[in-house]
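The values are calculated or read from the model by the stated rules, or taken from the named source; none is laboratory data. Every value quoted in this text rests on a predicted model; they were computed, and no experiment measured them. So basically every Cβ, Gly included, is an ideal-geometry build from the backbone, and we count neighbours across all protein chains shown.
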Amino acid sequence: MLANLATRTDKRRRRLRRLAWVLAAALFADSILVVRFLGWSAANMPPPLPDVPHAAGVVFFNDFGDAEGLGPGSMARIEYAADLFAAGKVQRIICVGGQRAQRAQSGAALMAAALVRRGVPAERVQHDTQSFDTLTNWRSAQASLTPAEANDPLLVSAPLHLLRIRHVTGGVGTPAPTASIPQELHRRGVAIWLDVHREWLAWGAAALLPADLYRHWVKRWRDFWDNPPPTNPAHHKPSTDE
């Protein structure tokens, strides 16, 4: 009996060791893929913005939070867009994204108000109220751009998100990343691992799911994730690029 118990214990230990080796190998492989993706992202980042004015810019929503209703990702984009306007590099700004069923104001509306508070004239700011993911963000932006503006709008977002935006837009527009990949690594630290996996999930879901199922899944997930906290209004969840 004791021999049988010892045998079972030994087998259990061997299984746990094998599982630990499998998990370690999977984590190592995943880390290699993350590093390669970041390297590819850095190599595919656009050159510095040309010193010429653009007729319009499109600012993509990122997150809700404490600062004027916006999280740090959205605020970085707002500050950058306001600087671009002050420098004369963009003449009009369109904010898109952040529509959530349980929120009175969309993220785009909050971003537009934040831009006005930073000195951008209200008549030079526009926002949508219906878009909730990168694809609907871009469709809403297209509906707001004039034919002349639609040729080359500035696309303002975080660098990893801009790579996906460029895929969605089919190469239309000039990317205006809020930071470089090295700057994002310094700012986000190990959290960049989550950012990369979030991008992989977004790319994969859009590629593999039927369009109707994808839209339904994304909207339900956004509404759930970005629900206003009922008991602690100061709390906000981590950034989730659309």
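Spot the failing condition for residue 67; the list is (1) within 22 Å of residue 176 (Cβ to Cβ); (2) crowded, with 19+ Cβ neighbours inside 10 Å, and only one is missed.
Of everything listed in (1) within 22 Å of residue 176 (Cβ to Cβ); (2) crowded, with 19+ Cβ neighbours inside 10 Å, residue 67 misses just condition (2).
Within segment 183-223, how many residues turn out to be surrounded by 14 or more Cβ atoms within 10 Å (Cβ to Cβ) and small (Gly, Ala, Ser)?
3
Name the pairs: first residue in segment 19-43 and within 12 Å of residue 196 (Cα to Cα), second residue among the β-branched types (Val, Ile, Thr) and in a helix (DSSP H, G or I), Cβ to Cβ under 7 Å, at least 6 apart or on different chains?
34/196; 37/196; 38/181; 38/196; 41/181
For segment 71-106, which residues satisfy the criterion of being closer than 29 Å to residue 220 by Cα, of a type outside the set (Gly, Ala, Ser), modelled with pLDDT of 95 or more and part of a helix (DSSP H, G or I)?
75, 77, 78
Evaluate segment 109-129: report whether one residue or more is in a loop (DSSP other than H, G, I, E, B), buried (at least 24 other Cβ atoms within 10 Å of the Cβ), in contact (Cβ under 8 Å) with a residue 12 or more places away in the chain and among the small types (Gly, Ala, Ser).
no
Kindly provide the set of residues from segment 136-185 that are of a type in the set (A, V, I, L, M, F, W, C) and part of a helix (DSSP H, G or I), ordered by number.
Passing the criteria: 138, 141, 143, 150, 160, 162, 163, 165, 168, 181, 185.
What is the number of the single condition among (1) of a type in the set (Lys, Arg); (2) at pLDDT 85 or above; (3) farther than 21 Å from residue 201 by Cβ that residue 13 does not meet?
With respect to (1) of a type in the set (Lys, Arg); (2) at pLDDT 85 or above; (3) farther than 21 Å from residue 201 by Cβ, residue 13 is out only on (2).
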